[in-house]
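Remarks on the structure that follows.
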Amino acid sequence: MSQSPLLAVAWLLALIAALSIAARKREAATRLPMALALALPVSVLALFFSLALHMHRSLGGWPEAIGTSGFPEQLLLHDSITTQAFALLLLALLVTPAALLVCSTSPRLRQILSPLATFAIAGVVAVGLTRLAPEPFLYWWWD
């Protein structure tokens, strides 16, 4: 493993530790919104890397061509779920800046600001961490 992925993993662990400490110090009423804010980014990351593992084990290596021709049915389902979750995350990240702006200008919506910002940071980190996947998988995924 090169230095860059190690640095990314260390940064992720530090982020998780910081969020855990912050969650413990927060009131119980804010824990659920924070957990919900982290749910999609963490789920997408888990789905993404489990898809890579599932693919490598099911096919005995990485696909030699772009597409899903010849994939087992369970791998196709896993790919479909992961693709849809990833698309949902990207779409949510696309509208998050506007939502942050609206929440910051409305006194009634300011309570949503912290979970929304947490979601945005966790989402960007999750998308960035996908770069740690093996290069043949990334080539297949993005094409």
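No value in this document is a laboratory result; all are computed from the given coordinates. Remember, it's a predicted structure, so these values are computed and weren't measured experimentally. A quick note on method: Cβ atoms are made from the backbone with ideal geometry, for glycine too, and the neighbour counts reach across all protein chains shown.
Nearest 0.05, what FRET efficiency do Ala98 and Ser69 give at R0 = 41 Å with Cβ-Cβ as r?
On the way: r = 39 Å, r/R0 = 0.95.
E(calc), rounded to 0.05, equals 0.55.
Sorted by mean Cβ packing within 10 Å, highest first, what order do the peptides 62-70, 126-134 take? Could the numbers behind the result be given before it?
On the way: 62-70: 11.3, 126-134: 16.2.
Descending packing order for the listed peptides: 126-134, 62-70.
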*At R0 = 22 Å, FRET efficiency that the Cβ-Cβ distance of Asp143 and Ile121 yields, to 0.05*: 0.20
